[in-house]
Amino acid sequence: VHVKGGENFDSPVFGIDNHPGFYFIPGALSVEEQCQWVRESLISFPQPPNRTNHNAFYGPIRDLFAAAQEGKVLVEEEDSYEELECLGRGHAQQWKFCDDNPISS
């Protein structure tokens with residue numbers, strides 16, 4: 001671990017040697033500010049047109065965090081084309097949110 005500093009900066013800045021670009025600044029954000037950024041990261045930042053790791057498979061997804069809080073899961077719509085054909089052509093509309101147990105007996 002190494003410490004960086006500057007002449008106009010009073011707080012220490014910590015970095016990890018084998019992880020360039022990672023810096024930790026103790027006390028840089030208040031607890032309220034940290035909570036705000038966590039909330040934004042879960043609710044606002046993943047909204048289209050921003051990309052997430054889900055985009056490659058599902059296409060743009062709105063309100064993913066809200067759906068997860070409601071216990072919903074993402075399932076393929078019954079009337080969609082064959083799965084591989086749809087994914088190859090980029091048909092994202094084949095997915096929808098359903099209750100946690102969408103399979104009926």
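Nothing in this text is a laboratory measurement; each read-out follows from the coordinates by a stated rule. This structure is a prediction, so every number in the text was calculated from the model and none was measured. Quick reminder, even Gly has a Cβ in these numbers, built from the backbone with ideal geometry, and neighbours come from all protein chains shown.
By the scheme Lys and Arg +1, Asp and Glu -1, what is the net charge of all other residues having a beta-carbon under 15 Å from that of Arg39?
So the surrounding residues net to -4.
What does the charge count near Gly27 come to, summing +1 for each Lys or Arg and -1 for each Asp or Glu among other residues with Cβ under 15 Å from its Cβ?
Combined, the nearby Lys, Arg, Asp and Glu give -3.
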